1. Could you say which residue among Ser478, Ser451 is modelled with pLDDT of 95 or more and closer than 18 Å to Thr394 by Cβ?
2. Looking at Thr143, Thr85, can you tell me which residue is at pLDDT 90 or above and over 19 Å from Pro170 (Cα atoms)?
3. Working carefully through the options Leu277, Leu309, Leu319, find the one that is under 26 Å from Asn355 (Cα atoms) and touching a helix residue (DSSP H, G or I) at 6+ places or on another chain (Cβ under 7 Å).
4. Hey, can you tell me all the residues within segment 571-587 that are within 23 Å of Gly427 (Cα to Cα) and surrounded by 22 or more Cβ atoms within 10 Å (Cβ to Cβ)?
5. Taking segment 526-540 only, how many residues are out of contact with any helix residue (DSSP H, G or I) (no Cβ under 8 Å at 6 or more places or on another chain) and hydrophobic (A, V, I, L, M, F, W, C)?
6. Kindly provide the set of residues from segment 155-179 that are surrounded by fewer than 16 Cβ atoms within 10 Å (Cβ to Cβ), touching a residue at least 40 places away in the same chain (Cβ under 8 Å) and hydroxyl-bearing (Ser, Thr, Tyr), ordered by number.
7. Working only within segment 178-216, note down all residues that are within 30 Å of Ile271 (Cα to Cα) and β-branched (Val, Ile, Thr).
Amino acid sequence: MKSLAGVFHREKSFFPKRKNVIGVRMKEKKEQRFTWRMKKKLRVMFVCMMLIFAILSARLVSITRDNGADYEKQVLSQQEYDSVTLPYRRGEILDKNGTVLAMSQKVYNVILDTRVLLEHKDAVEPTIKAIAAQFGDYTDEATIRTYISNNPSSAYYIIAKELQYDQIAPFQAYMTPGSGDYNANIQGVWFEDSYVRYYPNGNFACDVVGFTTKDNQGQYGLEEYYNDELNGTYGREYGYLDTDSNLERTTISAVDGNSIVTTIDGNIQSIVEKYLLDFNETYKDAYHEGNAAENVGCIVMDVNTGEILAMASYPNYDLNNTRDTSALLGMRMVDESGNKVDLAAETGGYINETNLAAMSNTQLLANFNALWKNYCISSTYEPGSVYKPFTVATGLDSGCLTGNEVYTCEGSLYIGDYKIKCHNKFGDGQVSVSRAVEISCNVALMQMGQSIGSDTFASYQHAFGFGLKTNVDLAGESRTAGLVYTADTMGPTELATGTFGQGFNVTMIETIAGFASLINGGYYYQPHFVSKIVSPSGATVKTIEPRIIRQTISESVSDKIVSYCNQVVAGSEGTGKTARPAGYMIGGKTGTAETIPRDKTNYVVSFMGYAPANDPKIAIYVVVDRPNTQYQDDAKFATRIVRKILTEVLPYLHYPMTEPLSEEEQAELDELNMSGYATQSQEDQTATYDSIEDGNAPENADDSNVDELDESQIGSEGVPMEDGTTEDGTSGDGNSEEGSDDAASEGSTRIWETFDVDPETGYYIDPNTGELIDPETGNTVGGGESSLPDTTANEPAEGDGP
């Protein structure tokens, strides 16, 4: 057994060695066979590759030499149709009656493809002549020939831009098989369609509408605010060439933008714009070079919905030609930073042909930006006495005033270290709350402010919307948060001047929105311009309803404010008598505010009115910023504009007349061709007023007075008296001071009426100072309604706040 094991062991050790030898030999033999075959295959492959390369090279040379243009055309055609953008139509802007204020028109660019034209040698001359004949206003034969010669491979040359369809239709007929004018020799011309923004009425409602850039981006007004709604979505046209080189197309259509229907009444808007232009024509270059005023603005609003019926300012501009420099002539010039140029500057403060030609591009753009801004929402100014009804409403609604107070005005009042004057330096004597509004007495308002206090005054000012944006749906509204005092920053002087609307800045839109709440029962509506949004198919996408933000005062206080403001127009001493339109009684409040510096030469004058007087439906606000006259502090510059506007607007709105027509007023209406609007005959009107005098006034008659009073409640000076008020018109609660009302009582001769009259101006001349006195109000002409210390004004004072 042992010997067998040894044998087995020897054999086992032998086998691995033998296996290794055999493996090595087989590997060597296999490597020799693989190397020989590989060499053979490589030789064959190399020869084949060289043959293929030679064939491809020959073919490439052939294509380049013989068919390069055809292949290039196919490739370029595929590229062109693979990325074509389809334009959308931007939505329209309509007034409330459906009149189009802004629209997008389809237009066509005439394009010449030189490569295609040169492929048809016989077509070159006929095409050139046809182009020159049809589009000769844009090019000529010599220009076309030169371009073709210099650009034989061009595929895109614009011959004419933005043509209407009727301008290209005759040429299209040359290219349309089957038409009577078809000409097969017209080649290489095609039409690229797009849309351009068009404003059918030019400068109509330009401040409201705004305009767009070439790429459909809205600038200013509704165009900017509703840009996303008005814009649509571009479409795309994709293309490819099939195996037979035929063009196949896939199109994703463009989606047009929505349209917006505004609250603007085009008829009222046109009336407003007519009389702003009329004012400019009347006073342009009257006292100095330039427009009738630095700015004139007007807003007409529905007081019960917040809908803006009209908004305009002057100067204005053509929406179809926004960079027309002639629109700048007469404007107050601004420098490259947008700041007003000093009136004493060498170039002059107002734009004329000479300094316009000398402007840099930067300064020219700055002046265009000043022109494009909407004065009614973008510029700020001190409101002046238009604010007095707000002060009275604050006192009544807060309980700080009862409405029975009587104050004494001696022409000025010391507040702190300052003597602040009334507009009537001779003093108004005994002044009730109602009379304070009627005659616009600063001293009485300052005494009311002392009773109200800064905390309550600031709180109600905030409630009325001052210092806040109204968030009207129009681009460019200014913020006035930094231009109104808070309770913490309001000292006694700031409170005193604030009661009659000086020392803080406002915008027109926030003032009329707040005033509407004073006369509509106390409800503050957010002002707005758009009533609904409409899809391209005409379906209503969204309806925008009137929105009540808050209640500012009670209805009973609102009724009192209406009665007080009615007396401003109807009262014998009212400062707004000249605002009354033919055939109607209205209410309102005048305003005159000094600008900074307080030099008694530059003023902003205004009138806030409403109609009908007994049931306010609409409000109108006109502001004249520094009228072009020697004596600017005269609210009649504003009241006369209001009168002209309402004389046409109220009959248009079918409000029945409330006042008998004088012969002059009847002639005025006849001249305006508005007699048809008068629904009451003269006899009916006379009967109506006879019944009022007999004490049988109809329900809708304008009482426009304070609550009915019996004889025991009337003092000897005609001042309403109730609990705690003495016979002589002084108040037993300490809210008034003793004084005489003889100078200003109804039916008596006022002191300035004893002065000599200046034959040139018609004003009275103060014999002691030589100052001119307004015969209606007793205002010192050039002295304004107040003499304010500079420290009471928030900057900026001239209306260009942030």
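1. Values: Ser478 fails: closer than 18 Å to Thr394 by Cβ.
Of the residues listed, the single one that is modelled with pLDDT of 95 or more and closer than 18 Å to Thr394 by Cβ is Ser451.
2. Thr143
3. Unique residue meeting the criteria: Leu319.
4. Gly574, Thr575, Gly576
5. So the answer is 2.
6. Tyr156, Tyr165
7. Correct list: Val196, Val208, Val209, Thr212, Thr213.
For (1) at pLDDT below 95; (2) under 24 Å from the mean Cα position of the chain (by Cα), each residue gets a yes or a no:
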site: Cys565; (1), (2): no, no
site: Ser572; (1), (2): yes, no
site: Ala579; (1), (2): no, no
site: Ile586; (1), (2): no, no
site: Met608; (1), (2): no, yes
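The values are calculated or read from the model by the stated rules, or taken from the named source; none is laboratory data. A quick note: this is a predicted structure, and the numbers were derived from the prediction, not measured. Quick reminder, even Gly has a Cβ in these numbers, built from the backbone with ideal geometry, and neighbours come from all protein chains shown.
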